[in-house]
1. Which of the residues that make up the range 103-122 are surrounded by 13 or more Cβ atoms within 10 Å (Cβ to Cβ) and modelled with pLDDT of 70 or more?
2. Report whether or not residue 63 is more than 28 Å from residue 118 (Cα to Cα), of a type in the set (Val, Ile, Thr) and modelled with pLDDT of 80 or more.
3. Does at least one position in the range 71-82 carry a residue that is among the basic types (Lys, Arg), at pLDDT 80 or above and part of a loop (DSSP other than H, G, I, E, B)?
Amino acid sequence: MVDSQGNPLAITCCRANHHDQKFALKTVDQITVKGKIRRPKRLGTDKGYDDDVFRKELRKRNIKPCLVRRKNNKKNITKQELREKKYCRQRWKVERSINWLNNNRRVDRFMEKKTLTYQGFCRLMFIKYYLKKLSK
């Protein structure tokens, strides 16, 4: 999960044979600032997360869902959802952040056998990213 500027906030690693939607809410719940759980105001995702149950869970957490709808799911679109649609167009920032993470040679997902090791290296890359950002 990254913020609107592409800065990494949280990461959850899981098996490849599970859908990301199962772990998206766990990732949202991991965002902490000074030991307190923080939640984003809105969450923009791609078509893979288009599900009414996922929308309800986000609303329970007071997060406005900005989910891109699939072509076969155009019913019951609210005016609020149409207004929030513009935030989904910035997905390239997420892709850029993931590519930045994979540019670090040690954090190649095929090199690590254990998920915890990979997740630890990802967190080290977050620290490196923010230290570089603070030194500017």
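1. Within the range 103-122, 104, 115, 118, 119, 120, 121, 122 meet the criteria.
2. Against the criterion (more than 28 Å from residue 118 (Cα to Cα), of a type in the set (Val, Ile, Thr) and modelled with pLDDT of 80 or more), residue 63 qualifies.
3. Of all residues in the range 71-82, those among the basic types (Lys, Arg) come to 71, 74-75, 79.
Now restrict to residues that are at pLDDT 80 or above: none.
Among the residues of the range 71-82, not one is among the basic types (Lys, Arg), at pLDDT 80 or above and part of a loop (DSSP other than H, G, I, E, B), which makes the answer no.
Rundown of residues vs (1) closer than 25 Å to residue 70 by Cα; (2) surrounded by 13 or more Cβ atoms within 10 Å (Cβ to Cβ); (3) in contact with a Ser or Thr (Cβ under 6 Å, 6 or more places away or on another chain), yes/no style:
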site: 1; (1), (2), (3): yes, yes, yes
site: 5; (1), (2), (3): no, no, no
site: 11; (1), (2), (3): no, yes, no
site: 17; (1), (2), (3): yes, no, no
site: 22; (1), (2), (3): yes, no, no
site: 28; (1), (2), (3): yes, yes, no
site: 45; (1), (2), (3): yes, yes, no
site: 50; (1), (2), (3): yes, yes, no
site: 54; (1), (2), (3): yes, yes, no
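The values are calculated or read from the model by the stated rules, or taken from the named source; none is laboratory data. This structure is a prediction, so every number in the text was calculated from the model and none was measured. Heads up, the Cβs are rebuilt from the backbone with ideal geometry, glycines too, and the neighbour counts pull from every protein chain shown.
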